[in-house]
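Note sheet for the following structure.
Since every read-out is calculated from the coordinates, none of them should be taken as a lab result. What you see is a predicted model; the values in this text were computed from it and never measured. Here the Cβ positions follow ideal geometry from the backbone for every residue, glycine too, while neighbour counts run over all protein chains shown.
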Amino acid sequence: MSIDLDALRNGNRRALAKAITLVESKLDTHRQQAQQLLEQVLPHTGNSIRIGITGIPGVGKSTFIETFGLYLIGLGKKVAVLAVDPSSPIAGGSILGDKTRMEELSRQENAFIRPSPSECALGGVAQHTRETMLLCEAAGYDVILVETVGVGQSEYEVASMVDFFMVLMLPNACDELQGIKRGIMELADALVINKADGESMNLAQRTRSHYQSAMNLLRHTSFWTPRVLTCSAIEKKGVDTVWGMISDFEIDARKNGSLQKKRSQQAKEWMHKLIHEMLMLRLRQNPGVRREMPILEEKVIAGQTTPYLAAKMLTDMV
Ligand SMILES: Nc1nc2c(ncn2[C@@H]2O[C@H](COP(=O)(O)OP(=O)(O)O)[C@@H](O)[C@H]2O)c(=O)[nH]1
Ligand SMILES: [Mg+2]
């Protein structure tokens, strides 16, 4: 498969789609080609703002992305929507079905919507999303929105690949406080209470102050103090304020160097994660290890050797 790098960089959608297909391929030859391509585009990446969006099913993520995306396009931006969805790897991710909620956005010349990739061997689904993000940047997209449902590790994975991590919430404080994992609150750069419309207006405001105090109690290691906002994705209200907040963040984070620092740190951590996975893969594929593993497991269970010695013997084989 050959990719026209110039076409990709000129924002040609077919070239971009082809490059993403290459990145998502399970074939070893494609994998190698994809990595070469990624290395080539690397100097042309990093110019977008990477925004992660999470929240429980039904909170309004897809509706929000439709409204927010259209608003950004109105400002002259090019918007890419990607997804990390570990819950339905075979179906291609729920974002695919959600294209109905992103109907207008998906018709826009300046929008690119890509469903969650199916499972991949190394690094999981998030590996593909990271690489696709780089391709989108090289193709000139200004804003990358990465959506995920709050399943398993997916929120942590998204948080570790974006600049700004946002949690959408419903306007009913008490229930939600339990629904959200504590670690996620600590990762959030913003909480956005969606569905602040109709009869939920007042409740949304109360929820907002509740969370603002909760957030203020958390310790922050970054220059940024997380904010709590309200919006109505359906009535298209408040998304301008959300963008204003993210712009504030981006300007400061670029100026004080923390954006670059965060991205470097993320890339380094990802490299270490991949080393770990590659070594495990090599271990599992080694014929000697495959042969000795069950034998040594038995010995450990029977108390005939120590876990340390068994592990040492196996890892010494590769
Ligand atoms: N009242 C109200 N309903 C909303 C709003 N945003 C989304 N919804 C509705 O909430 C439901 C779930 O929305 P969806 O975008 O699919 O949520 P997702 O599962 O998080 O992607 C749909 O019926 C939407 O029409 C909003 O701002 N206000
Ligand atoms: Mg959705």
Between helix 61-74 and the chain, what is the angle of the helix's C-alpha long axis to the longest principal axis, kept within 0 to 90° and rounded to the nearest 10?
60 degrees
Spelling it out for Glu147: with amide H atoms placed in the peptide plane at 1.01 Å from N, the residues 5 or more places away or on another chain with amide H under 5 Å from its amide H are Ile53, Leu82, Ala83, Val84
Quick calc, His220 & Tyr71: beta-carbon distance into FRET formula, R0 25 Å, rounding 0.05, result 0.35
Given H placed on each backbone N at 1.01 Å, which residues far from Lys237 in sequence or on other chains put an amide H within less than 5 Å of it?
Ser232
Using 19 Å as the cut-off for backbone N distance, which residues of region 281-301 belong to the label zone defined by a point 7 Å from the Cα of Gln153 along Cα→Cβ?
281-285
Helix 124-138: inclination vs the chain longest Cα principal axis, degrees, rounded to 10, gives 60 degrees
Under a cut-off of 24 Å between alpha-carbon atoms, report the lysines in cross-link reach of Lys61, not counting same-chain residues fewer than 8 places apart.
Lys77, Lys78, Lys99, Lys181, Lys195, Lys236, Lys237
Estimated vicinal HN-Hα couplings, Hz - region 5-15 in sequence order (Karplus 6.51, -1.76, 1.60; Gly, Pro = x)
4, 5, 4, 4, 5, 7, x, 5, 5, 5, 5
For the chain, what is the convex hull volume of its Cα atoms per residue in Å³?
165 Å³
With springs connecting C-alpha atoms under 10 Å apart, model the chain as a Gaussian network and identify which of Asp142, Asp252, Asp28 has the largest mean-square fluctuation.
Asp28
Pick from Pro171, Pro57, Pro294: which is most flexible by mean-square fluctuation in a GNM of the chain where alpha carbon atoms under 10 Å apart are linked?
Pro294
The chain: angle of helix 258-285 to the longest principal axis, Cα-based, in degrees nearest 10:
30 degrees
Cross-link reach list, lysines versus Lys262, counting only Cα pairs under 21 Å and skipping chain neighbours closer than eight places:
Lys273
Could you give each residue of region 304-318 its phi-based ³J(HN,Hα) in whole Hz, using Karplus coefficients 6.51, -1.76, 1.60 with θ = phi - 60°, and x for Gly or Pro?
8, 9, 8, x, 4, 5, 5, 5, 5, 4, 5, 6, 5, 6, 10
From the phi angles alone, apply the Karplus equation (6.51, -1.76, 1.60; θ = phi - 60°) to region 181-195 and give each ³J(HN,Hα) in whole Hz, x where the residue is Gly or Pro.
6, 4, x, 5, 4, 6, 8, 5, 8, 7, 10, 10, 7, 8, 6
Report the gain in length on full extension from Leu309 to Gln36: 0.36 nm times residue separation, minus Cα-Cα distance, nm rounded to one decimal.
94.3 nm
So Met293 and His272, fully extended at 0.36 nm per residue minus their Cα-Cα distance, gain in nm 5.1 nm
